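*Asks:* I'd like to ask some things about the structure below.
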């Protein structure tokens with residue numbers, strides 16, 4: 001069974017508590033349950049990983065390369081806007097990488113409008129709340145199947 005990795009970055013473990021106006025009240029654990037369930041329906045094993053450590057995130061991306069992951073979905077949180085280290089780690093991957101954000105980052109503060117991952121991801125899904133993850137998984141499925 002092919003495996004898809006869902007990566008969550010800094011502060012995202014606080015979903016459900018952090019700024020409900022932007023992120024709603026759903027928790028990261030609930031999001032993880034939803035993507036694992038949808039992944040099974042689509043025929044994938046989905047692994048979810050969250051860290052507040054940039055080095056741990058880069059190490060998990062390196063491991064994804066070694067593990068033969070079929071696709072990666074990443075919400076790196078604030079790292080999206082400045083972490084060239086994570087961007088460089090993602091660039092190592094030879095599989096589809098989908099960037100997701102729950103809030104509509106382009107309608108927020110100016111610094112959130114830019115992603116340093118833009119040149120290494122297949123696309124970005126933003127502004128659909130927890131559904132951004134579901135849409136990211138569907139996009140990854142299409143890319144894996146070559147559609």
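The values are calculated or read from the model by the stated rules, or taken from the named source; none is laboratory data. Worth saying up front: this structure is predicted, and the values here are computed from it rather than measured. Positions of Cβ are generated from backbone atoms using ideal geometry, with glycine treated the same way; all protein chains shown enter the neighbour counts.
*Asks:* Can you name every residue in the stretch 54-78 that is crowded, with 23+ Cβ neighbours inside 10 Å and either over 17 Å from residue 123 (Cα atoms) or out of contact with any strand residue (DSSP E or B) (no Cβ under 9 Å at 6 or more places or on another chain) (or both)?
*Replies:* Result: 57, 61, 64.
*Asks:* Taking the criterion of being modelled with pLDDT under 90 and either within 19 Å of residue 2 (Cβ to Cβ) or not in a loop (DSSP other than H, G, I, E, B) (or both), would at least one residue in the stretch 140-147 satisfy it?
*Replies:* Taking every residue of the stretch 140-147 in turn, at least one turns out to be modelled with pLDDT under 90 and either within 19 Å of residue 2 (Cβ to Cβ) or not in a loop (DSSP other than H, G, I, E, B) (or both).
*Asks:* Still on this structure, I have one more. Scanning for something in contact with a strand residue (DSSP E or B) (Cβ under 7 Å, 6 or more places away or on another chain) and assigned to a helix (DSSP H, G or I), does the stretch 113-132 turn up at least one residue?
*Replies:* Scanning the stretch 113-132, I find at least one residue that is in contact with a strand residue (DSSP E or B) (Cβ under 7 Å, 6 or more places away or on another chain) and assigned to a helix (DSSP H, G or I), so the answer is yes.
*Asks:* While we're on this one: Can you name the residue in the stretch 9-50 that is part of a helix (DSSP H, G or I) and modelled with pLDDT under 85 and is also surrounded by the fewest Cβ atoms within 10 Å (Cβ to Cβ) among such residues?
*Replies:* 21
*Asks:* Is at least one residue of the stretch 85-101 exposed (fewer than 14 other Cβ atoms within 10 Å of the Cβ), under 14 Å from the mean Cα position of the chain (by Cα) and on the phi < 0 side of the Ramachandran plot?
*Replies:* Within the stretch 85-101, none of the residues are exposed (fewer than 14 other Cβ atoms within 10 Å of the Cβ), under 14 Å from the mean Cα position of the chain (by Cα) and on the phi < 0 side of the Ramachandran plot.
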